[in-house]
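Nothing in this text is a laboratory measurement; each read-out follows from the coordinates by a stated rule. Owing to the predicted nature of the structure, the values given are computational and were not obtained by experimental measurement. Cβ coordinates were reconstructed from backbone atoms using ideal geometry, including for glycine residues, and neighbour counts include every protein chain displayed.
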């Protein structure tokens, strides 16, 4: 066997999809040489399922559960039962892994000490692949049974049940970094991030978080720093992207203020109605004289 040929590991790569047929092929071609691929699809109406099955991936159905952007224990249990291998890669169709990272994951899947891995994430935005706009890490590679998603929060990856020496952070280098091809234009960004804001605020309010100017300006400044500290190299595009993410944090803070003060269209119109009624009554009173 050629030593340069991909060697499959003890890995089930899980890809979450919804009407992603137009870009699913890249993820399937990326992962299939290195392990089993499971496509967890949420009732797509396009050709997502057909493409997954054409390439030999296992397809399971995922029902909308009303918990937006939250990884639930029920979902983890469903995926774990469907997976034939001991290790799970928890991913999305817009993430592609380079060969060096995939080979590292295969190596990790064959050993016994490490059970939970943080993978670096390099994000491209608005089609600019010359410049990484944001860098982060995500604990999306783990062994079955070492993560508890009970009481998970938005964008959380649950609670690691193992020991500190069973956890690994891969270095923040291109060699080991997942590439996140984040697909947004302005319309999609506003629509999607308003949904994110609503889901995040509901959780924050439930946890006792309340609006403050410190939170408002702190979160906006933090996000501008995150997206502009590298994005400035992309010129005008990088500045606009950073400002959009600042606006996202403004939406979160504003929605928190609205929720705290019971401000919605109905309550706002009720307040308007009081003044409208007074104006109309003054006119009606004059008519009766």
FRET efficiency for residue 60 and residue 19, using Cβ-Cβ distance with R0 set to 22 Å, rounded to 0.05: 0.85
Compactness relative to 2.2 N^0.38 Å, alpha carbon Rg of region 186-266: 1.17
Residue-span extension gain [residue 195 to residue 154] - 0.36 nm each, minus C-alpha spacing: 13.6 nm
Simple label model, 7 Å out from Cα along Cβ direction - residue 272 to residue 29, nm: 5.3
Order of 11, 108 - criterion: other Cβ atoms within 10 Å of each residue's Cβ, fewest first: 108, 11
Cα shape, region 90-152, gyration tensor, a/c 1.5 rule: oblate
Distribution of pairwise C-alpha distances over the chain, 5 Å bins, in %: 1, 5, 10, 13, 15, 15, 13, 10, 6, 3, 2, 2, 2, 1, 1, 1, 0, 0, 0, 0, 0
Contour excess over end-to-end distance, with Cα ends at residue 111 and residue 165 and 0.36 nm allotted per residue: 18.1 nm
Of all DSSP beta bridges in region 11-182, antiparallel share, percent nearest 5: 40
Fewest-first ranking of 60, 119, using other Cβ atoms within 10 Å as the exposure measure: 60, 119
Full-stretch length increase - residue 131, residue 207 - with 0.36 nm per residue and alpha-carbon distance subtracted: 23.7 nm
For region 100-259, projected area of the alpha-carbon convex hull averaged over all directions, nm²: 10.9
Rounded, prolate or oblate (a/c below 1.5 giving rounded, otherwise prolate when a/b exceeds b/c) for region 132-174 by Cα gyration tensor: oblate
Among beta bridges that DSSP assigns inside the chain, antiparallel share in %, nearest 5: 40
Under 18 Å from the residue 182 label point (7 Å along Cα→beta-carbon), backbone N, region 99-126: 119-126
Residue 282 paired with residue 46, simple spin-label distance in nm, labels 7 Å along Cα-to-beta-carbon: 5.6
Overall form of region 11-182 per C-alpha gyration tensor (a/c, 1.5; a/b vs b/c): rounded
Convex hull (Cα only) mean projected area of region 229-289, reported in nm² to one decimal: 6.8
Taking 20, 128 and counting other C-beta atoms within 10 Å, the order from fewest to most: 128, 20
Between region 184-210 and region 219-253, the Cα center-to-center distance that results, in Å: 16
